[in-house]
Amino acid sequence: MNYEEKLQNVSVLGAAGKMGSGILLLTAVEMADLQLKPENRTKSFILNAIDVSPVALSGLYGYLKTQVKKNAEKKVVQLRQVYKDNPDLIENSDIIEQYVDDVMKVVLFSTRVESTYESNLIFEAIVEDSDIKVKIFSQILENNKKNPWFLTNTSSVPISELDSRSGLKGNILGFHFYNPPAVQKLVELITTKNTNKELIEFSKIYAKNLNKKLVPSNDFAGFIGNGHFMRDLLFGIKKVEELAKEMSFVEAVYAVNRVSQDFLIRPMGIFQLMDYVGVDVCQKILQVMQLRLKDENLHSSLIDKLINQGIKGGQNSDGSQKSGILLYSKGKPVAIYDPKKKDYDHIETFRSSIDVKLGKLPTSHKPWKDVIANKQRDEFLKSYFKELASLNTFGSNLAKEYHISSKNIGLNLVKDGIADNDDNFNTVMLTGFFHAYGPINNFLD
Ligand SMILES: NC(=O)c1ccc[n+]([C@@H]2O[C@H](COP(=O)([O-])OP(=O)(O)OC[C@H]3O[C@@H](n4cnc5c(N)ncnc54)[C@H](O)[C@@H]3O)[C@@H](O)[C@H]2O)c1
């Protein structure tokens, strides 16, 4: 079966979730574009959008339609060519409407796993729980006689484990999109020595057609991206625990969050990133990693405490940030949660005193947005870190420590064979986490 034939019957499991909805959108567009080729017009292309939540599925319909329309608006010139034989489509709006109809016709919404039984290809983006994933894979395998291929979006569960527990015989790989899949260019590709070579080839073509950047990660719990993020977050939490001996807990969170964002020129501070990904998602990933990496302490009692008190972060359906350890107003953190008080403290009440304690940013400092737009980014970063190294303030020392820890996490991921080389690790940080620089660098040597 070639690439196009494989894509004639596809399912997305967890289609109404954060990741599943993006995977559905990208795949629906790819499949409709194939169907609209003159030689494919008589063939059927079916994409099952499957989710256990009927309410979420009805919201998904509206989301998909809006996003496909946006996609059509961007490529209307190309679509005019696709529909050149249809004399009824005159205005751009006619073409856009027709394309939205054609994409939506490909998608069938369902709450039933049985809809996967005719699929050649199954994208899985359900909850991060290996037992549930194994159960659903095994059920499909038993009932689907087409020997389907599985592309799982798991953030942390080793693929070899899902493969052997579900009896998939190498017909599964990790195709780890970043959030949101429709926007983020990076996909971590996780294969094992047993992975079906044709499935690997298929994934490479699919990624290329979706204009994604594939970085291979070896099959260890957490892979490259979360392998760094989780340990970087645990380092931030450890620093908070240390600082909380000399200042309040919320002040310590503010200090570490600010240092990891401003002093290190990252797109967001470490606690904002935890909220963005979801405190509950971080807890699940840490649990998966801890179970499989027993020699390392990958547990955080702070995260458990937050979850027990209902502090989860994540996004609302309109994309806005839900409150987590930080409370947001217009997308900006304005207060910090104190688990002892079970309430938020406003940042304005302590911002200036902690800023004085941290000390000034290096005089050459520029915000992350300016740095990523800077054509001489490397030159700038070298001199910025040189100045940072020369300072002996509370903030600069914490930033140096943070940077070295992040670099060491990267070096260990390479040493332990999770990333093949420094470049692959740095690419994940640059492309998947939008860092302005790869942490494995010589800026502070
Ligand atoms: N959120 C992220 O930033 C992110 C990034 C990369 C990978 N991931 C991974 O992607 C997967 C999905 O994460 P998410 O954040 O989109 O979760 P989510 O909770 O937003 O979505 C999961 C969806 O799956 C549905 N679901 C649950 N069980 C199901 C079942 N048995 N059959 C069909 N649908 C079912 C739920 O109703 C929900 O809509 C997880 O494995 C996660 O680790 C998440």
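Decide, for region 3-217, between rounded, prolate and oblate: order the square roots of the alpha carbon gyration tensor eigenvalues as a ≥ b ≥ c, take rounded if a/c falls under 1.5, and otherwise choose prolate if a/b is larger than b/c, else oblate. Since a/c reaches 1.5 and a/b is larger than b/c, the shape of region 3-217 is classed as prolate.
Based on DSSP, what percent of beta bridges with both residues in the chain are antiparallel, to the nearest 5?
Values: 13 of 38 bridges.
Of all bridge pairs located within the chain, approximately 35 percent are antiparallel.
Quick one: putting +1 on the C-beta of Lys and Arg, -1 on the C-beta of Asp and Glu, what dipole do you get for the chain around its Cα centre, in Debye to the nearest 20? It would help to have the intermediate numbers written out before the result.
Values: 56 positive and 54 negative charges, 95 e Å.
For the chain, the charge dipole is close to 460 debye.
Would you kindly state how much longer the chain becomes between ASN308 and LYS375 on full extension, computed as 0.36 nm times their sequence separation minus their alpha carbon distance, in nm to one decimal? Please report the intermediate quantities before stating the final value.
Working: separation 67, 0.36 × 67 = 24.12 nm, distance 4.59 nm.
Contour length minus the Cα-Cα distance gives 19.5 nm.
Based on DSSP H segments of at least four residues, each scored -39500 (n - 2.57), the chain has a per-residue ellipticity at 222 nm of -15000 deg cm²/dmol. Less than 5 angstrom separates the built amide H of LYS213 from those of LEU186, VAL187, all sequence-distant by 5 or more or on a different chain. Summary value for the chain: 12 percent relative contact order, contacts being C-alpha pairs under 8 angstrom separated by 6+ residues. In order along region 41-50, the Karplus-derived 3J(HN,Hα) couplings, from 6.51 cos²θ - 1.76 cosθ + 1.60 at θ = phi - 60°, round to 4, 8, 7, 9, 10, 10, 10, 7, 9, 10 Hz, and Gly and Pro are given as x. The HN-Hα couplings worked out from phi for region 81-89 by the Karplus form 6.51 cos²θ - 1.76 cosθ + 1.60 (θ = phi - 60°) are 5, 4, 9, 4, 8, 9, x, 6, 9 Hz, whole numbers, x standing for Gly and Pro. Given their separation in residues at 0.36 nm each and the Cα-Cα distance between them, ASN297 and SER138 gain 54.0 nm when the chain is fully extended.
Can you give the charge dipole size of region 3-217 about its Cα centre, rounded to the nearest 20 debye, using +1 on the beta carbon of Lys and Arg and -1 on the beta carbon of Asp and Glu? Display every interim value, and only then the final one.
On the way: 27 positive and 26 negative charges, 96 e Å.
Charge dipole, region 3-217, about its Cα centre: 460 debye, nearest 20.
Give the residues of region 14-40 whose amide nitrogen is closer than 20 Å to a point set 7 Å from the Cα of GLN81 in the direction of its Cβ. Answer for region 14-40: 29-40.
Between 0 and 90 degrees, rounded to the nearest ten: what's the tilt of helix 249-258 against the longest Cα principal axis of the chain? Compared with the principal axis, the helix lies near 70 degrees. What the phi angles of region 368-373 give under the Karplus curve with 6.51, -1.76 and 1.60, with θ = phi - 60°, is a coupling list of 3, 4, 5, 5, 6, 8 Hz, glycine and proline written as x.
Which one, ASN171, GLY22, PRO148, projects farthest toward the positive side of the charge dipole computed for the chain from Cβ point charges (K/R +1, D/E -1)? Working it through, the farthest residue towards the positive pole turns out to be GLY22.
Take peptides 183-192, 340-349, 89-98 and line them up by average Cβ neighbours within 10 Å, highest first, as a rough protection proxy. Intermediate values should be presented prior to the final figure.
Details: 183-192: 19.3, 340-349: 12.9, 89-98: 14.9.
Top to bottom by mean Cβ count within 10 Å: 183-192, 89-98, 340-349.
Model label points for THR66 and LYS169, set 7 angstrom from Cα along the Cα-to-Cβ axis, are 4.5 nm apart.
Were the residues from ASP338 through ASP129 laid out at 0.36 nm apart, the gain over their Cα-Cα distance would be 72.3 nm. For HIS435, nonlocal amide neighbours, meaning residues 5 or more places apart or on other chains whose placed amide H falls under 5 Å from its own, are LEU430.
Peptide packing: for 414-421, 204-211, 427-434, 269-276, the average count of neighbouring Cβ atoms within 10 Å per residue gives the ranking 269-276, 427-434, 414-421, 204-211, highest mean first. Our summary gives region 3-217 a relative contact order of 22 percent, counting only alpha carbon pairs under 8 angstrom and 6 or more residues apart.
Read-outs throughout are calculated quantities, based only on the coordinates presented, and are distinct from any laboratory measurement. In this text the structure is predicted, and so the values were computed from the model without any measurement. So basically every Cβ, Gly included, is an ideal-geometry build from the backbone, and we count neighbours across all protein chains shown.
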